[in-house]
1. Could you give me the residue pairs with C-beta distances under 9 Å whose first residue belongs to the range 198-212 and is in the same structural domain as T136 (by TED's automatic domain parsing), whose second residue is in a helix (DSSP H, G or I) and of a type in the set (A, V, I, L, M) wherever it lies, and which are 6+ apart or on separate chains?
2. If you go through the range 120-132, how many residues are in a loop (DSSP other than H, G, I, E, B) and not aliphatic (A, V, I, L, M)?
3. Mind listing just one residue for me: the one in the range 66-116 that is under 24 Å from L222 (Cβ atoms) and among the polar types (S, T, N, Q) and, of those, farthest from the chain's Cα centre (by Cα)?
4. Considering only residues that are among the small types (G, A, S), within 26 Å of L142 (Cα to Cα) and surrounded by 13 or more Cβ atoms within 10 Å (Cβ to Cβ), which ones fall in the range 201-243?
5. What number of residues within the range 64-119 satisfy the criterion of being out of contact with any Leu (no Cβ under 6 Å at 6 or more places or on another chain), within 30 Å of W43 (Cβ to Cβ) and among the aliphatic types (A, V, I, L, M)?
6. Would you be able to tell me the number of residues in the range 91-132 that are free of Cβ contacts under 8 Å to residues at least 40 places away in the same chain and either small (G, A, S) or in contact with a strand residue (DSSP E or B) (Cβ under 6 Å, 6 or more places away or on another chain) (or both)?
7. For residues that are touching a residue at least 24 places away in the same chain (Cβ under 8 Å) and part of a helix (DSSP H, G or I), scanning just the range 133-151, find the one that is surrounded by the fewest Cβ atoms within 10 Å (Cβ to Cβ).
8. Which condition number in (1) outside any helix (DSSP H, G or I); (2) of a type outside the set (D, E); (3) over 28 Å from E102 (Cα atoms) is the one that G239 fails?
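The values are calculated or read from the model by the stated rules, or taken from the named source; none is laboratory data. Bear in mind the structure is a predicted one, so any value in this text is a computation, not a measurement. With ideal geometry, Cβ positions are generated from the backbone for all residues, glycine too; neighbour counts draw on all protein chains shown.
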Amino acid sequence: MFARSGKAPATVKTNRGYIDNHIIPGLGRAKVRDLTVEDVEKWLIARTGTLSTRSLQILHSILNRSIKKAQARDKVKRNVVMLAEIPEGRDGRPSKSLTLDEAEAVLNAAPGYALEAYVVLSILTGARTEELRALTWEHVDLEGQPAALGKPLVPPSIKVWRSDRTGGDTKTVKSRRTLAMPLRCVDALKAHKERQDVAREKAGEKWREHGLVFCTRTGRPLGADNVKRDIRPIFKKAGLVPKDWTPRELRHTFVSLLSESGVAIENISRLVGHKGTAVTELVYRKQLRPVMEDGATAMDLIFPQAREEL
């Protein structure tokens, strides 16, 4: 059995957890050559009450890769895992977003906390949490450029060109984008930079410079667990139940608020770095306005007389 060596530490850790908690206890005593399709399917079905369909797919994938390795070493002739069907698991945790009032409460609660700027950027730019963890100061423009003769206005922006995924690339090619920042983001980042300068001086020789916008007290990269832990006090101060919310749902909030304000789904898709509108609709369907009003609004402006005659 293996935990997918050569992959990101977080992936290896996750796979190791599936192996230790499910595969070894459930199938560890079975000999690979004696394993049957029925054995695998019964084992998966026994976990449908506690695991989501996605988790069952991961379990199946890990076991499938292990048997393929055994095949390559002539330890087994037939890969029964590949023939086993994956059952439907329990419903996963539904995605949700903050309401406008809740989002405002979170934004107002954030000042003074280490992740203030992180929260503000998440809600107001829709950047992925792994993109913000990899954001560097060289990719932040806090000043922009005023309009001049022959040159357009360039607003303050962040270059979302990296993530903390394996290899440092963004999730997709479309995810590599430059986003203009609302003024609230600029103010939060300026305050954050000042606090980071103080932290750097205080850490002294312990500081390890990585150029990261968001880092630990000694300059090292933040992990997903660091963010989840440090963001909870902000949720609590905002009057929310911290365990009910995750950092990624701030991105969902960005989509929800833009959709509610009438921004076209095509524009939202570009802003959040999706390949097309299908992904936006599939993942964020509960946050998107079900009624498309652009055409009706435009036609009311074009033919106002018709409404007056009704």
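1. Taking only residues 6 or more apart or on different chains, the pairs are W207/A199.
2. As a first pass, look at the range 120-132 and keep what is in a loop (DSSP other than H, G, I, E, B): 126-128.
Now restrict to residues that are not aliphatic (A, V, I, L, M): 126, 128.
Number of matching residues: 2.
3. If we take residues in the range 66-116 being under 24 Å from L222 (Cβ atoms) and among the polar types (S, T, N, Q), then N108 is farthest from the chain's Cα centre (by Cα).
4. A203, G219, G223, A224
5. Summing the residues that are out of contact with any Leu (no Cβ under 6 Å at 6 or more places or on another chain), within 30 Å of W43 (Cβ to Cβ) and among the aliphatic types (A, V, I, L, M) in the range 64-119 gives 7.
6. Number satisfying all stated conditions: 1.
7. Quick first cut of the range 133-151, residues touching a residue at least 24 places away in the same chain (Cβ under 8 Å) only: 133-138, 140, 142.
If we keep only those that are part of a helix (DSSP H, G or I) as well, we get 133, 137-138.
Values: R133: 24, W137: 12, E138: 9.
Filtering the range 133-151 for residues that are touching a residue at least 24 places away in the same chain (Cβ under 8 Å) and part of a helix (DSSP H, G or I), the one surrounded by the fewest Cβ atoms within 10 Å (Cβ to Cβ) comes out as E138.
8. (3) is the only condition that G239 fails.
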